[in-house]
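The values are calculated or read from the model by the stated rules, or taken from the named source; none is laboratory data. Computed from a predicted model, the values in this text were never measured in an experiment. Don't worry about glycine lacking a Cβ; one is built from the backbone with ideal geometry, like all the others, and counts go over all protein chains shown. We work out accessible area using only protein heavy atoms, side chains counted, and drop any ligands, DNA or RNA first. Shrake-Rupley method; radii C 1.70, N 1.55, O 1.52, S 1.80 Å.
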Amino acid sequence: MHPAYSVIAFTVASGAGYGLLGCLAALALLGRLPAAPGFAWTALGLAFVLATAGLLSSTLHLGHPERAWRAFSQWRSSWLSREGVAALAGYVPAGLFALGWLFLSEPEGGFAVLHPAFIGAAAVALALCLVTVFCTAMIYASLKPIQRWHNGWVAPAYLMFAAMSGVLWLTALMIGFGVGQRAVLWLAAALIALAGAVKLGYWRFIDRTASASTAASATGLGHLGAVRLLDPPHTEENYLLREMGYRLARKHAAKLRRLAFLMGFALPLVLTLVAAAVVQPWAAIAAGAAAFLATAGLVIERWLFFAEAKHAVTLYYGADRA
Amino acid sequence: MTSLPRATTERRLGLVIDLDTCVGCHACAVNCREWNAGGFAAPLTDLDPYGAAPEGVWFNRVHSFEAGDDETGRTVYFPKSCLHCAEPACVTVCPTGASYKRASDGIVLVDEQKCIGCKLCSWACPYGAREYDYDSGVMKKCTLCIDRIYNENLEESDRVPACVATCPTSARHFGDLGDPHSAVSRLVADRKGYDLMPEQGYRPTNKYLPPRRRGPPAVAPAPAAPATIEGKLLQWADRLLSR
């Protein structure tokens, strides 16, 4: 599949945004939100900017962005529509939660005490963060013609990567503002390890799974013997080849996988453990670097998620399996 | 709504394509474009039409395959257009309601006034039936010529899709595949018509008729000489005399 930059930016940024927002809401539920206005404004601001910028960038690849409002109508059948509804609905409880934390909370022992109504809003916001990221994943996981997306690894991967990038930005900001919590650092380390394991599992799965559709099943001519494309139906490019016919050389894929794993998971894990062991300002630098590297690594990971995906229509253009 | 019609549609209009008689002349593809450039989904984009790399939206494209290696191997011309599936994921993934499957005849269509051009429907189609129109920013696809098959201004015999009307070898047949007694349904039953990629679960309406089995090769290979004593003697003599 053609790796469109707007969709890569959208899924990585909104994943990090919802991850961060969800982490903040979870801290509110646990009564562990720091009572630090600078941190609160920065963390909430970053979460809202990432989520909103991601959603807006997803409209960049539309042919008619001015009609995007119509996409909220078909939530009964379409995961894309469900995602839009969940994303939009999430702004209400998230906004209330932000309001409660920024303006109406009382500091007590370094933590912000929120009114129960705002904690309720945080709970709904957390749920909608999870639902939105799950819907994003299901847009891809529901597409049967792309076997490398239509499997049980995709939704856990999207959820894990959102949680991981969210908690890494949370850690970086907390340490940067001097309100770090050891438990959050350990949670970050655990999430990175889990997310990395899910990605390795996904790659192993797509490498070992035989394709359900073949040139033989696409043409129904397998009973005659091996099926080969003799002549393509058109001499020039067309939309299908440009959008669905993207091919990535295997040696490049292997290199990019190593790079994505190193930047997205291995180095952030090491840096997070370093941040837990050293004092300021080194802890803040290590945690900040972990967040930046993980986000950059996820951009490569997401690019590969598209570039390595094979669409069944390529079987009509000379591919043997898809 | 992009939810599918409940149960089955009243009629299941579609095409039956005979891979045995198709000669790969592309007349169906050309006549399709000719008609549809002015029809329901008009206009069909031509990008760079007189330049080095012309391209555009086509609803019907003719692929050519080779199948088999030995004397049973053959070339098969393979026209492909929207299969108007019973389970069209292209419709259910549509976030806006622009894509729909008609309850009355099962035809899958796009309402271009509602389409936002997100392209997700084309990702959801394993058959490549939907093409994005870069010029008008919406998705386009085969309409089964709804502006011909119900067109009372045309002679009744002409009320068939443009691809069917023009096929010089009658390799394309149009009818109601939901009616087991229709001519197309009988043809499918007689010739063992089949679905493309049944494993994808889209239950396509259009059916393909397989190339007919060929007879034995025209010239039978000569039987090998038996290795009798007489034969061996002559071979020995041949080798001796050839020195």
Surface accessible to a 1.4 Å probe, B:L19 within the full protein complex, Å²: 10
Exposed trypsin sites (Lys or Arg not before Pro) absent: longest stretch of chain A, with sites in DSSP loops and at most 13 other Cβ within 10 Å deemed exposed: A:77-246
Tail fraction, Cα-Cα pairs, chain B, threshold 32 Å, whole percent: 32
Expected 222 nm ellipticity per residue - DSSP helices of 4 or more, -39500 (n - 2.57), all of chain B, to 500: -5500 deg cm²/dmol
About the Cα centre, charge dipole magnitude for chain A (Lys/Arg +1, Asp/Glu -1 at Cβ), debye: 800
Rough spin-label spacing in nm, given labels placed 7 Å along Cα→Cβ, for A:A190 and A:T209: 2.8
Accessible-area value, B:S242, 1.4 Å probe, nucleic acids and ligands omitted, Å²: 80
GluC sites (Glu not before Pro), loop per DSSP, at most 16 other Cβ atoms within 10 Å - longest free stretch of chain A: A:1-235
Global geometry of the protein assembly as shown, whether rounded, prolate or oblate, following the gyration tensor of its Cα atoms and the 1.5 cut on a/c: oblate
Alpha-carbon centroid distance for the pair segment B:134-203 / segment A:93-107, whole angstrom: 60
³J(HN,Hα), Karplus 6.51/-1.76/1.60, whole Hz, each residue of segment B:149-161, x for Gly, Pro: 5, 10, 7, 6, 7, 9, 4, 4, 5, 8, 7, 9, x
Net charge of neighbours whose Cβ lies under 10 Å from the Cβ of B:R159, counting Lys and Arg as +1 and Asp and Glu as -1: -3
Interchain or long-range residues, amide H under 5 Å from B:G117's placed H: A:G63, A:H64, B:M139
Other protein chain Cβ atoms within 10 Å, averaged over every residue that makes up A:284-290: 0
